[in-house]
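Worksheet: the structure to be examined is printed underneath.
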Amino acid sequence: MEIQSFPSLPSTNTYIAENAASLPSGFVAVTPCQTAGRGQRGNSWESEPGKNLTFTMLMRMPGFPARRQFRISQAVSLAIIDAIRELTGVSCTVKWPNDIYARDRKLCGILISHSLAGSAIAHSVIGAGINVNQTRFLSDAPNPVSISQLTDREHPLEPLLRLVCSNIESYLNTLLPDNPAQEQDIHDRYMRSLWRAGDTPHLFHDNLLDQTFRATIFAVEPQGHLVLRQTDAPEGRAPLRRYAFKEVTWL
């Protein structure tokens, strides 16, 4: 693992993606001031300079099948949860597919892209923004929170960065061999860590049909699709509803 800090970057993800050919696996670009960071769905990512972790890691995955790419997302989510809990004591969950939540508020965003070589992943660009010491959020993001707000104290950034990246490297290295038992273990841990998992129904909105309904999480499929069990389904209608990313919204 090699970590390089930059005084400022428009986007650590963009830097890694544009320079991937010349960078080693495990290279991490981090900056205290990211001027054009973005999250899922093209949203901007608010981060007060010097207060949070905004970084991107390059991981080469030679021969790793592209059809298994959601396993990478699961592993990265768990790696970050483990590190935050170990160093700060904050317990987190994963809001499908890979937002990190604490007490029903967003603590970390993850943005992963892959470069393919045929049907395999050549390398992965793994970006994350973790709210660590910021205590005031000015954007229109609906529910941000920081580790500092949850613990009432500030936390050093470098130890958390190093542990997160070390965890990511370790998790992904366990995925490289074709080991079904290891993959199943990561999937099971991911399912146990899901936000709003359990038997209590929650409101969802089907973005394709413009419908609101109540459901519980039934499964997350190997390719990443979310399967919900509708608890208010009309009589005679199958209760299971299957969604890809962006097709359903939590309410």
Computed [θ] at 222 nm, deg cm²/dmol, the chain (DSSP H ≥ 4; -39,500 (n - 2.57); rounded to nearest 500): -8000 deg cm²/dmol
By how many degrees, 0 to 90 and rounded to 10, does the Cα axis of helix 69-88 deviate from the longest principal axis of the chain? 70 degrees
C-alpha long axis of helix 180-192 to longest principal axis of the chain, angle in °: 70 degrees
Cα-derived Rg to Rh of the chain, Kirkwood definition: 0.97
Efficiency of FRET between ASP178 and ASP104 - r from beta-carbon atoms, R0 41 angstrom, step 0.05: 0.65
Ranked by Cβ crowding within 10 angstrom, fewest neighbours first, how are PHE70, PHE64, PHE245 ordered? PHE245, PHE70, PHE64
If you project the alpha carbons of the range 105-147 onto their three principal axes, what span does each projection cover, largest first, in Å? 45, 19, 14
Between LEU150, PHE137, MET191, whose Cα lies farthest towards the positive end of the dipole of the chain when Lys and Arg beta carbons carry +1 and Asp and Glu beta carbons carry -1, centred on the Cα centre? MET191
Can you work out the FRET efficiency for the pair VAL227 and SER22, with r the C-beta to C-beta distance and R0 = 35 Å, to the nearest 0.05? 0.25
Given the options ALA215, PHE64, ALA75, identify the residue whose Cα lies farthest towards the positive end of the charge dipole of the chain (+1 on Cβ of Lys, Arg; -1 on Cβ of Asp, Glu). ALA215
Potential lengthening between ASP140 and SER8 on full extension [0.36 nm per residue; Cα-Cα distance subtracted]: 45.2 nm
Zone of TRP250 (label point 7 Å along Cα→Cβ, backbone N under 14 Å): which residues in the range 169-210? 191-205
Can you give me the orientation-averaged projected area of the convex hull built on the Cα atoms of the range 202-250, in nm²? 3.2 nm²
Unit charges on C-beta of K, R, D, E only; dipole of the chain, Debye: 260 debye
Once both label points are put 7 Å beyond Cα along the C-beta direction, the MET1-HIS205 separation in nm becomes 3.9 nm
Percent of Cα-Cα distances greater than 24 Å, calculated over the range 122-251: 51 percent
Once the Cα atoms of helix 157-175 and of the chain are each reduced to a long axis, what angle between those two axes, in degrees from 0 to 90 to the nearest 10, is obtained? 60 degrees
For a Förster distance of 45 Å, can you work out the FRET efficiency between the beta-carbons of THR212 and ASP152, rounded to the nearest 0.05? 0.75
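Laboratory data are not the source of any read-out in this text; all were calculated from the coordinates shown. Being a predicted model, the structure only gives us computed values, none of them experimental. Every residue, glycine among them, receives a Cβ derived from its backbone with ideal geometry; neighbour counts consider all protein chains shown.
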